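The values are calculated or read from the model by the stated rules, or taken from the named source; none is laboratory data. Small disclaimer: the values here were computed from a predicted structure and weren't measured. Every residue, glycine as well, gets a Cβ built from its backbone with ideal geometry; the counts of neighbours run over all protein chains shown. Quick note on the areas: whole protein, heavy atoms, side chains included, nothing else; ligands and nucleic acids left out. Shrake-Rupley method; radii C 1.70, N 1.55, O 1.52, S 1.80 Å.
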Amino acid sequence: METMHQVNEINNLRIVFIETLSRQFIAITGCGIYAYLNPVTINELFNQYMASNVPINAYARQCVRNVVA
């Protein structure tokens, strides 16, 4: 069972992930993340990121490339 501390850490990481992903979208496309992805998809990407062993910036760049390619 997750403690409140673990839940808070995951929520904080989710915020950092969304901010990082949004910055990457703006840098590469000039538009924010929600111009391309809906909240459900962003949550799925976060869950995939959590299961990966890839640094957050590299994962975010790859996500943008996959979406805009």
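Of everything in segment 19-41, what is farther than 15 Å from Val68 by Cα and touching a helix residue (DSSP H, G or I) at 6+ places or on another chain (Cβ under 7 Å)? Give them in sequence order. Explain how you work it out, then say what you get.
Of segment 19-41, the ones farther than 15 Å from Val68 by Cα are 19-20, 39-40.
Passing the criteria: only Thr20.
Could you please give the count of residues in segment 31-51 that are more than 17 Å from Asn11 (Cα to Cα) and either part of a helix (DSSP H, G or I) or open to solvent by less than 60 Å² (accessible area, probe 1.4 Å) (or both)? Can you show your working first?
We begin by selecting, within segment 31-51, every residue more than 17 Å from Asn11 (Cα to Cα); these are 31-38.
Now restrict to residues that are either part of a helix (DSSP H, G or I) or open to solvent by less than 60 Å² (accessible area, probe 1.4 Å) (or both): 31-35, 37.
The number of residues fulfilling the criteria is 6.
Testing Ala60 on (1) touching a residue at least 40 places away in the same chain (Cβ under 8 Å); (2) outside any helix (DSSP H, G or I); (3) of a type outside the set (Ser, Thr, Tyr), one condition comes back false. Which one is that?
(2)
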